[in-house]
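We did not get these values from a lab; they are worked out from the coordinates using the rules stated. Since we're looking at a predicted model, the values are computed, not measured. Using ideal geometry, Cβ is built from the backbone for each residue, glycine included, and neighbour counts are taken over all protein chains shown.
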Amino acid sequence: MNKRTGIIIAIIVTLLCLVLGGNFYFMYYLNVEEGQLSSVRALENMIRHKMRHLKPAYLNRNPRFFMYRNKLLKNYKPAPYENASVLWDIANWWPHENEIYPLYDSSMGQLLQTLRQEPITRVNNLARGTQLKLLMRLSQQQKVIFKPQWYPRDIVLEGAVYSGKDRHVAEVYAFYLGAVLDLRWTPIVVGRVVNLKDEIYANGDQELQNTIAINVDEQGNETYCLYGKCHYCNEEETVCGDADHNIEGVLIYIVPGTLAKRRSPWQRTYKEDKRAQWEDDMNYCKSLKNKMETIRLLDLIDVAIFDYLIQNGDRHHYETREERVVLIDNGKSFGNPNKDHLDILAPLYQCCLLRKSTWDRLQVFSGGVLTEIVDRLAKQDALFPLITDRHKRGVERRLLVVFAVVEHCMDKEGDKMFKTL
Ligand SMILES: Nc1ncnc2c1ncn2[C@@H]1O[C@H](COP(=O)(O)OP(=O)(O)OP(=O)(O)O)[C@@H](O)[C@H]1O
Ligand SMILES: [Mn+2]
């Protein structure tokens with residue numbers, strides 16, 4: 001066979017392939033590859049492109065910011081109080097639907113002080129959820145949930161977005177971030193250094209004391225170590241006091257009223273080799289829009305933005321209060337400052353819907369002031385600084401990603417993506 005015949009045969013074979021098999025192959029490629037993996041990748045590229053061309057307004061400070069800053073600083077300023085009991089009565093009347101506390105109230109600064117100062121009078125294990133937590137009573141009256149410190153601030157957790165134990169300070173950060181973004185859907189939280197021997201063990205019931213190991217070294221020095229009672233609790237994983245028996249933890253005010261737990265439509269499979277439908281199906285939201293009330297969907301999209309900023313990828317269930325979504329359990333945030341899990345934003349980029357008020361509020365805190373104001377508020381907290389500078393840079397970087405994703409959605413949907421429900 002000479003060269004020319006070879007070329008002709010090759011051309012004929014190629015043409016045959018194109019006409020017969022090629023189409024099928026091409027269609028297959030479109031459906032599977034294009035429809036799943038590459039559409040996620042295409043979205044990532046789109047967002048990267050948008051990030052490079054963000055309008056200056058997203059990068060600069062918004063002059064409106066100063067008004068919000070002054071009001072926030074005033075509202076959360078610690079204030080002396082006389083009667084804790086009265087403040088707790090007030091705070092227990094605050095919640096309305098999913099708003100746990102009012103926008104501005106002169107009692108907030110005082111309430112925060114009660115949580116920092118009132119004596120702990122009783123402690124029990126709280127075997128709710130899967131992580132170690134305690135139920136504490138303050139001044140024989142108000143119950144709060146206590147989550148202890150497990151990691152130093154600069155821990156970098158590798159692996160899945162939901163890996164590791166709780167980051168206690170994340171609960172405090174979430175509280176202030178919620179206040180700033182006007183997503184007042186989190187519990188009220190303060191950090192507190194607590195004495196494991198004098199405040200926890202001494203006020204604990206028998207069951208709690210049985211889950212605290214007391215080790216004595218050769219010099220006769222005691223170390224108290226708590227392992228608690230919960231799904232993941234075991235004697236090998238303990239929280240130990242320092243030389244003075246102190247541990248760090250957070251006090252989480254109990255949200256009054258009834259909470260209902262629901263499975264998140266964007267739940268992960270929690271299995272490395274199995275992907276959830278929403279992870280590959282870019283039309284996932286279409287069917288949800290028919291199944292779910294718009295107000296619920298808008299709540300979940302606000303939650304997605306909030307969770308993306310703090311990198312909470314563990315909202316497998318969400319809780320509702322009077323049919324509106326609350327932000328309970330923010331402990332699995334800030335695991336890795338260098339990684340942004342874009343898929344936490346799936347509710348936003350798959351639905352391309354956003355509450356107008358949320359969008360307006362986000363833009364007030366452009367130009368690096370979001371972490372600045374949260375920091376100013378959190379300065380009052382016993383555990384300040386709550387997160388490292390790398391984590392703060394992460395929050396600012398992700399805010400720009402949120403702006404870019406909204407720009408992308410505006411290209412697709414126009415202003416009708418913004419809702420006032
Ligand atoms: N501040 C609060 N007010 C009222 N109820 C609360 C509060 N915090 C937690 N709870 C209740 O306790 C349950 C467990 O709390 P949380 O989700 O923080 O624990 P967890 O161990 O992290 O759970 P999981 O392992 O499921 O994430 C919640 O589902 C909620 O019903
Ligand atoms: Mn949790």
Quiz item: So how strong a dipole does the range 86-253 carry about its Cα centre when Lys and Arg Cβ are +1 and Asp and Glu Cβ are -1, to the nearest 20 debye?
Solution: 480 debye
Exercise. Could you pull out the GluC sites (Glu not before Pro) across the range 210-316 that fall in loop regions by DSSP (anything but H, G, I, E, B) with no more than 12 other Cβ atoms inside 10 Å?
Key: E218, E235, E236, E272, E293
Exercise. Averaging sequence separations of C-alpha pairs under 8 Å and six or more residues apart, then dividing by the length of the range 86-253, give the relative contact order as a whole percent.
Key: 28 percent
Quiz item: What percent do you get for the relative contact order of the chain when only Cα pairs under 8 Å and 6+ apart count?
Solution: 22 percent
Quiz prompt | Potential extension, E207-S106 segment - 0.36 nm per residue separation minus Cα distance | solution = 32.4 nm
Quiz item: List the trypsin sites (Lys or Arg not before Pro) in the range 251-287 that DSSP assigns to loop (not H, G, I, E or B) and whose Cβ has at most 15 other Cβ atoms within 10 Å. Which are they?
Solution: K271, K274, R275
Quiz prompt | Length-normalised contact order of the range 355-421 in % [C-alpha pairs under 8 Å, at least 6 apart] | solution = 51 percent
Exercise. Arrange Y76, Y349 by Cβ neighbour counts within 10 Å, fewest through most, would you?
Key: Y76, Y349
Quiz item: With charges only on Cβ, +1 for K and R and -1 for D and E, what is the dipole size of the chain about its Cα centre, in debye, rounded to 20?
Solution: 1820 debye
Practice problem: Determine, for Y68, Y308, Y224, the number of other Cβ atoms within 10 Å of each Cβ, and report the residues in order from fewest to most. | Solution: Y68, Y224, Y308
Exercise. Using the Kyte-Doolittle scale, find the helices of the chain whose mean hydropathy is at least 0.5 and whose Cα atoms extend 18 Å or more along the helix's long axis, counting only whole DSSP H runs.
Key: 3-17, 168-180, 294-310
Self-check item: Distance between modelled label sites at I214 and D360, nm, 7 Å Cα→Cβ extension
Solution: 5.9 nm
Quiz item: Where a Cα-Cα gap under 27 Å defines reach, which lysines qualify for K50, not counting those fewer than 8 residues away within the same chain?
Solution: K286, K289, K339, K356, K392, K412, K416, K419
Exercise. Could you calculate the contour length gain from R4 to E235, that is, 0.36 nm times the residue separation minus the distance between their Cα atoms, to one decimal place in nm?
Key: 75.3 nm
Practice problem: Arrange the following residues from fewest to most other Cβ atoms within 10 Å of their Cβ: F418, F66. | Solution: F66, F418
Practice problem: Could you tell me which of T130, L354, F146 has its Cα farthest along the dipole of the chain towards the positive end, charges placed at Cβ (Lys, Arg +1; Asp, Glu -1), taken about the Cα centre? | Solution: L354
Practice problem: With a cut-off of at most 16 other beta carbons within 10 Å, and DSSP calling the residue loop, which GluC sites (Glu not before Pro) in the range 317-421 qualify? Please list them. | Solution: E322, E323
Quiz item: Which value at 222 nm does the chain reach when only helices count, each DSSP H run of 4 or more adding -39,500 (n - 2.57), with the total divided by all residues and rounded to the nearest 500 deg cm²/dmol?
Solution: -12000 deg cm²/dmol
